[in-house]
Structures are given as C-alpha cells and as structure tokens.
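First the structure, in the form of structure tokens, and then the observations on it.
What follows draws every value from the coordinates through simple rules; no lab data is involved. Small disclaimer: the values here were computed from a predicted structure and weren't measured.
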Amino acid sequence: MDTALLKDILEKLDAVNRESAYLKNVLDNMEKLPADGDPEIITQKIVSLEHIVSCRETTNQQMIAAYSKALQVISETM
C-alpha cells in the first residue's frame, strides 16, 4: 500500500478516534432533560445512555481492528 495513502487513512482514523465533542454534547443535553421522578422517563434515559455507550464501544473496537490492519500492512512493507 502507498505509504502516503496509509498515512492519510491513519490520520482520518485518529480524527474519528479523538472526536468526542458530539458525545459530550449529547450527554450534556440528556442530563438537562427533566425526569421529574417519572420512572418511564428515567428508564428511557438509562436505555439511551446504554445505547450511546454501546455504540461508542463498537466504534472503539472497529478502530482497534483498523489500526491492527494498518500495522499489518506497515509490517508487510518493511
């Protein structure tokens, strides 16, 4: 693989990995949603948080796989 292309891919992966402002924004906005002690709203907030965390973990796992593949390509070209 072309090293410039590989470098570009790694930079893009790194940018995705570092992007967490949207996650903080979502969490901040969820915190502001009133629950007023309503068990249904509280449950929905918890389910939403679980989904957000799960999706981020999936992203993290995919990032690790991508980095591993990039490392393999780099190793094969050296």
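Relative to the first principal axis of the alpha-carbon coordinates of the chain, what is the inclination of helix 21-32, with its axis defined by its Cα atoms, in degrees from 0 to 90 and to the nearest 10?
Value to nearest ten degrees: 10.
Expressed as an acute angle from 0 to 90° and rounded to the nearest 10, what is the orientation of the C-alpha long axis of helix 3-18 relative to the principal long axis of the chain?
Roughly 10 degrees between the two axes.
Build a GNM of the chain with springs between Cα atoms under 10 Å: which of 49, 13, 33 gets the top mean-square fluctuation?
Fluctuation is largest for 33.
Under 28 Å between C-alpha atoms is the cut-off here; go through the chain and count lysine pairs that meet it, provided they're at least eight residues apart or on different chains.
Numbers: 7/69; 12/24; 12/69; 24/32; 24/45; 32/45.
Value for the chain: 6.
Angle check, please: helix 39-77 long axis (alpha carbons) against the longest principal axis of the chain (alpha carbons), in degrees 0 to 90, nearest 10.
Once rounded, the angle reads 0 degrees.
By its C-alpha gyration tensor, with a ≥ b ≥ c as the square roots of the eigenvalues, how is the chain shaped: rounded for a/c under 1.5, else prolate for a/b larger than b/c, else oblate?
prolate
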